[in-house]
């Protein structure tokens, strides 16, 4: 059974709650995404309860203002777990959601049993010739243009995304994800994500020694990093080049790596092959957590 609801702290969330669920996971989306990114994963985990919030400033939580940042998001989702009576669970994070998940494990010790980091959560390879603000401007450019636009109809917004190199294989899951992202405002139909939220969170992530970097350094739970073979515009090499990932995990032995072929940064969650790979990692994390947990999780 799937339902959407508003938590006491105002956070909107999707909840896949199959009858007789044997475990619970928390699934945290990326910087301009929503809980709909996890629909394929939930389908591949038919016996697992999947809690998937819309982060502050996104989707159904777009009315929640700042401050933003990884620590604020981590505290928001911890409160959501409290409301749902979940003491401890596996946390899955895609893209920026990976940094939120790592920060959650650090700020709320004992709440996260294992981490599954889906093309996110590790430091990004930056250009050393750029200062943080210039790096931020380059990062925000394409997304800022999209968030500032209005669209005449849902079909026009679908066409916008159909032209994106990462979405060459259009599916009902992608269409549902895109449709949910379009909301009506005073000036017409526009993407749901708040530009202010995206900019603040991006600035947080490019700040040296930010919460997520420190949390990863001091990680106290095991994590699996799933690396998409292709990047944000379906380019080879991926958002996290393999040699860079190897360098990062050498510094943090709690993180293991799984290569996911034939997917990009988006389709690692929004395609069946990508979701199947994530589901495999989740099941392994759940099995390991069950063997070592002091009490039943979720």
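Looking across region 181-198, the residues that are part of a helix (DSSP H, G or I) and touching a residue at least 60 places away in the same chain (Cβ under 8 Å) come down to 196, 197, 198.
Filtering region 257-270 to residues that are over 15 Å from the mean Cα position of the chain (by Cα) and either in a loop (DSSP other than H, G, I, E, B) or at pLDDT below 95 (or both) leaves 261, 262, 263. Evaluation of residue 204 against the conditions (1) touching a helix residue (DSSP H, G or I) at 6+ places or on another chain (Cβ under 9 Å); (2) assigned to a helix (DSSP H, G or I); (3) at pLDDT 95 or above; (4) surrounded by fewer than 22 Cβ atoms within 10 Å (Cβ to Cβ) shows that the sole unmet condition is (3). Looking only at region 124-155, residues that are in contact with a helix residue (DSSP H, G or I) (Cβ under 7 Å, 6 or more places away or on another chain), crowded, with 17+ Cβ neighbours inside 10 Å and at pLDDT 70 or above come to 3 in all.
Residue 253 satisfies every condition listed in (1) in a loop (DSSP other than H, G, I, E, B); (2) within 20 Å of the chain's Cα centre (by Cα); (3) more than 28 Å from residue 162 (Cα to Cα) except (2).
The requirement of being surrounded by 15 or more Cβ atoms within 10 Å (Cβ to Cβ), modelled with pLDDT under 95 and under 17 Å from the mean Cα position of the chain (by Cα) is not satisfied by residue 277. For region 160-180, a tally of residues being farther than 18 Å from residue 143 by Cβ and in a helix (DSSP H, G or I) returns 5. Among the residues of region 19-40, is any surrounded by 15 or more Cβ atoms within 10 Å (Cβ to Cβ), more than 14 Å from residue 97 (Cβ to Cβ), without any contact (Cβ under 8 Å) to a residue 60 or more places away in the chain and touching a helix residue (DSSP H, G or I) at 6+ places or on another chain (Cβ under 9 Å)? No: zero hits. Being farther than 15 Å from residue 54 by Cβ and either at pLDDT 95 or above or in contact with a strand residue (DSSP E or B) (Cβ under 8 Å, 6 or more places away or on another chain) (or both) is the filter here, so list the residues in region 185-195 that pass it. The answer is 188, 189, 190.
Yes/no matrix, rows are residues, columns are (1) touching a residue at least 60 places away in the same chain (Cβ under 8 Å); (2) over 28 Å from residue 192 (Cα atoms); (3) surrounded by 24 or more Cβ atoms within 10 Å (Cβ to Cβ):
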{"position": "67", "(1), (2), (3)": "yes, no, no"}
{"position": "77", "(1), (2), (3)": "yes, no, yes"}
{"position": "83", "(1), (2), (3)": "yes, no, no"}
{"position": "91", "(1), (2), (3)": "yes, no, yes"}
{"position": "99", "(1), (2), (3)": "yes, no, yes"}
{"position": "111", "(1), (2), (3)": "no, yes, no"}
{"position": "114", "(1), (2), (3)": "yes, yes, yes"}
{"position": "119", "(1), (2), (3)": "yes, no, yes"}
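Pairs meeting the criteria (first residue in region 211-225 and under 12 Å from residue 285 (Cβ atoms), second residue assigned to a helix (DSSP H, G or I) and at pLDDT 90 or above, beta carbons under 6 Å, at least 6 apart or on different chains) are 221/105; 224/281. Taking the criterion of being touching a helix residue (DSSP H, G or I) at 6+ places or on another chain (Cβ under 7 Å), under 20 Å from residue 264 (Cα atoms) and touching a residue at least 60 places away in the same chain (Cβ under 8 Å), the residues of region 156-180 that qualify are 166, 167, 173, 174, 176, 177. Checked against the criterion of being modelled with pLDDT under 95 and over 22 Å from residue 173 (Cα atoms), the candidates 217, 254 yield just one match: 217.
The values are calculated or read from the model by the stated rules, or taken from the named source; none is laboratory data. None of the values given here were measured: they were computed from a predicted structure. Heads up, the Cβs are rebuilt from the backbone with ideal geometry, glycines too, and the neighbour counts pull from every protein chain shown.
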